[in-house]
Amino acid sequence: MSISSSRFLRVIDWIERRVNLTELFSMLTMFGLFYTEVDTSKPIAEALREAFRKPMPSYSRWPRVLGLLALILFLFEVVTGVLLAFYYRPTPDEAYESVLIIVRDVDFGWFVRQIHIWGAQLLIVILIARLLRFFFRGMYRPPRELIWVVAALLLITATHLDFTGRFLAWNNDFYWPSLRAMELLFSIPLIGSIFEFFIPGLEGHSYVLSRFYFLHVVLLPFMFWLLLYANFSGIRRVGLSEIRGEDTTPGKHTFVAHLYTLLILVIVIFGILVTLSVLAPVPFGEPVNLFETPSDIRMPWYLLAPYGFVEFFPTWLPLSLRSSLLVILLAIFIFLPEIDRRAVKTHARRTLVLGVNIFLFLLWIFFTIYGRVLDIGE
Amino acid sequence: MILLLILLTGAQLAGAQSEQCGLCHPEERVEHSLSIHSQEFIQCSDCHGGRPAAINEEQAHGGDFQSLQSRKQIPRLCARCHADPAQMRAYNLPTDQYALYQTSGHGLALVEGNESVAVCTDCHGTHTILRSEDPNSPTFIRNIPETCGQCHGKGGLQADAGTEANQLQDYLESVHARELLEKGNTNAPECSRCHGIHGAAPAGVGDVGKMCGNCHSAALRAFRDSPHASSMVEAGLPECLACHAHHKTQPSRYQQMAQACLNCHAQGSDQYVIGEKMEVLFARAEEELEHAREVIARAERVPLYVEDYLARLEEARTFLLEAEPAVHTVSFSDVDRFTSLSRSLAEEIEAEIDGKLSDLRLRRLLLVVFWFYLLLTVWILHHYRQKALKHRA
């Protein structure tokens, strides 16, 4: 034991004289592994000893754990996504066929695909739950404004990731909603024309598929990763959120316990994903038929509210106006802290803001149901 | 001046190239100009004689002129060129039409003095004669039923003569007409494929089988092995047509098989029972194939690899297709051989896919085991976590 451990220490020492291991460890803390800031000038053994000894509250406690869950799910998505990329071919002629091969012929291909799909849905659910928590606890107020903005951007990025991913399957059930959503996107004044420069309509769909592929596997995950970093980095600066009734006496939580909780979380999430994949597998669907528009175009569930909102207004109102309204609402939502700061001066106003918050939330629920009913109506 | 010059040259050219018949017969001239004969420089006088260069009727209709009003002359007239191998060689046309015509029902009746029967011009047209390959030609394959139907159909010449004439209407209801006229399948027979072209005549008893067997060879072979073959000829029954309607031939449906036996055999007779049994064989095989098709569709939605099963299903369908001609032997065991093969192949497909689908159901069972180990791991980790917390405290 002592021989092997001393040999291990010698190896560590050898590496440490060439690479700053504490810096690497500090990098991990940027992604929720460790809560406090690490002094990178100290050798790794000392930094670790300090970390192990330091009493601290934990990320991994309900409902604070939501951010960590988002990170774990993102890692699941990265791993399964990389596996899928080995077999996927991003051209209109081959996309459907290659997914078919993944699901049908490759060992455990169906499993990886189901985990990837369900993981994405769960990730969006968790990001929404996290945003709702911030929303109702007023956690967008100073000094947490940036964390709120980052959380909102994380959700937007995640939905875009899911949306581009659905398109990649080259599946009739996903192709047409994409068309409808892009129609909406392009109708936004100014922003629409910028998007149109990068993705010039669905007509040249061979380009669209490869661009969506690039967005899905490179640009958007990279953005998501940056936002995650911004999120944890911000939290380390402003401190963990308070949980009512939490025992914050020093020595109650330790780094080791935190690591164990992390492991348990990973295992439980994996279990949930496996269960969903086996019990409620997402159907495979038909290949895209460009010559026949299906009678019911089902929007992804998280897009039902915007979809319902746009469809709610009478059709003589130009689409560009309706979509602009949507963008304005989204902007108000993201920059809620700033608006709140200007509005909230007195206690009476504070309750007013909470009322407005609840109203907005109910509006979101209403439009989600409305968008869903629209589908059935068609 | 220039206009006059053009007119003069035009008139000269016309005079040099064609005959003057068109001056009095403009309609016929136009009709003729559209024909294959016009293209090959066969002119009015080649059939009608006379003096074509003359411009008054008296002179033009002089000499060897013939108006060709008598229908009896026509076959021989056409044969002057069309029975001459030396003239027809360049066009790669047969020269036996006239000889065949003389053996046909039409030709024989004409000799007997019945001038209302079909002569060359009734089918090919008079002045506007077109190639048979031309879709506007009355002898183009898809126009043949209508052409024959002019006489052999309701309201046709034959009906005037007092004989039953609904061959065209019957034919139009047949599977052959649907194939030829609706689907454009030129392999399907029109009138002449069975009755002959220039030697057209109704087929005699004993020849019907040969005629149908030209295309339905497997059915004919099976039929000749059956007790029906000799007995039908003896009884003077028209073989195939005894069960399949005459011109109104319909696609065979196994559901009507026993019904067809009743044409000759009594209900409850041994022969009728065989018919009923064969019907059951087909129904069961068909049902099994339909079931296999559903199972494959279910597997495809999973998705499982089904190309192999689809190929085997095609094989099973082929066996069932082979059972159809085998029916003509009226032997239960012959039909049973093919339907059983078809059925067992379909059952094999179902069994294999069912096996694979139950593998999928196994996944749910494994889920229980999976959660057991998962929770066990979580419990162990939780235990160590508590220990770490206690150690700290």
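Taken together, the values in this text are just the output of simple stated rules run on the coordinates, not laboratory data. Quick caveat, the model's predicted, so the values are computed rather than measured. Note that we place each Cβ from the backbone using ideal geometry, even for glycine, and neighbour counts take in every protein chain shown.
State which stretch of chain A is the longest one without any exposed trypsin sites (Lys or Arg not before Pro), exposure meaning a DSSP loop state and at most 12 other Cβ atoms within 10 Å.
A:19-243
Taking the alpha-carbon set of segment A:40-158, what are its Rg and Dmax in Å?
19.7, 58
Can you pull the three principal axis extents for the Cα set of segment B:204-251, in Å, largest first?
25, 20, 17
Net charge around B:Ser226, counting only other residues with Cβ within less than 15 Å of its Cβ (Lys, Arg = +1; Asp, Glu = -1)?
-4
Output needed: percent of Cα pairs per 10 Å distance bin for segment A:257-363, bins running from 0 to the one holding the longest distance.
Computed distribution, short to long bins: 10, 21, 21, 29, 16, 4, 0.
Note down the net charge around B:His48, summing +1 for each Lys or Arg and -1 for each Asp or Glu among other residues with Cβ under 11 Å from its Cβ.
-3
Apply the Karplus curve 6.51 cos²θ - 1.76 cosθ + 1.60, θ = phi - 60°, to the phi angles in segment A:282-290 and return the couplings in whole Hz, x for Gly and Pro.
6, x, 7, x, 9, x, 4, 10, 6
In peptide A:256-264, what is the residue-averaged number of other protein chain Cβ atoms found within 10 Å of each Cβ? Walk me through the numbers before you get to the answer.
Details: counts 7, 9, 2, 4, 10, 3, 1, 5, 7.
Average neighbour count from other chains, rounded to a whole number: 5.
Can you list residues from other chains, or at least 5 along the same chain, whose modelled amide H is less than 5 Å from the amide H of B:Gly50?
Those qualifying (amide H under 5 Å, at least 5 residues apart or on another chain) are B:Asp64, B:Phe65, B:Gln66.
Over segment B:224-331, what portion of Cα pair distances is larger than 16 Å, expressed as a whole percent?
Percent of Cα pairs beyond 16 Å in segment B:224-331: 67.
May I ask for log10 I(q)/I(0) of chain B at q = 0.14 Å⁻¹, from a Debye sum over the Cα atoms as equal point scatterers with solvent left out?
Debye output, listed in q order: -1.26.
Can you pull out the trypsin sites (Lys or Arg not before Pro) in segment B:37-137 that DSSP calls coil and that have at most 16 other Cβ atoms within 10 Å?
Working: sites: B:Arg71, B:Lys72, B:Arg76, B:Arg80, B:Arg89, B:Arg131; in loops: B:Arg131.
Listed in order of number, the matching sites are B:Arg131.
Mean 1/r over all different Cα pairs, inverted: what Kirkwood radius does segment A:261-305 give, in Å?
14.1 Å is the Kirkwood radius here.
Give me the aspartates and glutamates in straight-line cross-link reach of A:Lys42: C-alpha distance below 16 Å, same-chain residues under 8 apart excluded.
Leaving aside aspartates and glutamates fewer than 8 places away in the same chain, those within reach of A:Lys42 are A:Asp13, A:Glu16, A:Glu23, A:Glu50.
For a distance above 28 Å, tell me the whole-number percent of Cα pairs in segment B:126-265 that qualify. Mind dumping the intermediate values first?
Values: 2335 of 9730 pairs.
Considering segment B:126-265, 24 percent of its Cα-Cα pairs are separated by more than 28 Å.
Fewest to most neighbouring Cβ within 10 Å: what's the order for B:Glu347, B:Glu288? Don't skip to the end; give the middle numbers.
Working: B:Glu347 14, B:Glu288 21.
Lowest to highest Cβ neighbour count: B:Glu347, B:Glu288.
B:Lys183 versus B:Ile36, label points 7 Å from Cα toward the beta carbon: distance in nm?
2.9 nm
Sorting A:Val356, B:Val117 on the 10 Å Cβ count, fewest up front, what's the list?
A:Val356, B:Val117
Taking amide H atoms as placed 1.01 Å from N in the peptide plane, list the residues 5 or more away in sequence, or in a different chain, whose amide H sits under 5 Å from that of B:Arg131.
Here the answer is B:Ile36, since their amide H atoms fall under 5 Å of that of B:Arg131.
May I ask for the net charge around B:Asp308, where only other residues with Cβ less than 13 Å from the Cβ of B:Asp308 are counted and Lys, Arg are +1 while Asp, Glu are -1? Could you put the intermediate results ahead of the total?
Details: positive: A:Arg104, B:Arg312, B:Lys356; negative: A:Asp105, B:Glu300, B:Glu307, B:Glu314, B:Glu315, B:Glu348, B:Glu352.
Net local charge, B:Asp308 excluded: -4.
Through the Karplus equation 6.51 cos²θ - 1.76 cosθ + 1.60, θ set to phi - 60°, convert the phi angles of segment B:319-332 into ³J(HN,Hα) values in whole Hz; use x for Gly and Pro.
Karplus values, whole Hz, x for Gly and Pro: 4, 5, 5, 5, 5, 5, x, 4, 4, 5, 6, 6, 10, 4.
Working from the alpha-carbon coordinates of the protein assembly as shown, get Rg over Rh, Rh being the Kirkwood radius.
On the way: Rg = 44.3 Å, Rh = 36.3 Å.
For the protein assembly as shown, the value is 1.22.
Using each residue's phi in segment A:254-262, evaluate 6.51 cos²θ - 1.76 cosθ + 1.60 at θ = phi - 60° and report the 3J(HN,Hα) Karplus result to the nearest Hz, with x for Gly and Pro.
Couplings: 10, 4, 5, 4, 4, 4, 4, 4, 4 Hz.
Note the full-extension length gain between A:Asp296 and A:Ile328 as 0.36 nm times their separation in residues minus their Cα-Cα distance, in nm to one decimal.
Stretched out fully, the A:Asp296 to A:Ile328 stretch lengthens by 8.7 nm.
By count of other Cβ within 10 Å, fewest leading, how are B:Asp64, A:Asp105 ordered?
B:Asp64, A:Asp105
Mind checking Rg over Rh on chain A, alpha carbons, Kirkwood formula for Rh?
When Rh is taken as the Kirkwood radius, the ratio is 1.01.
Beyond a 31 Å Cα-Cα separation, which of these cross-linked pairs lie in this structure: B:Lys154/B:Lys183; B:Lys183/B:Lys356; B:Lys210/B:Lys277; B:Lys248/B:Lys277?
Those over the limit are B:Lys183/B:Lys356.
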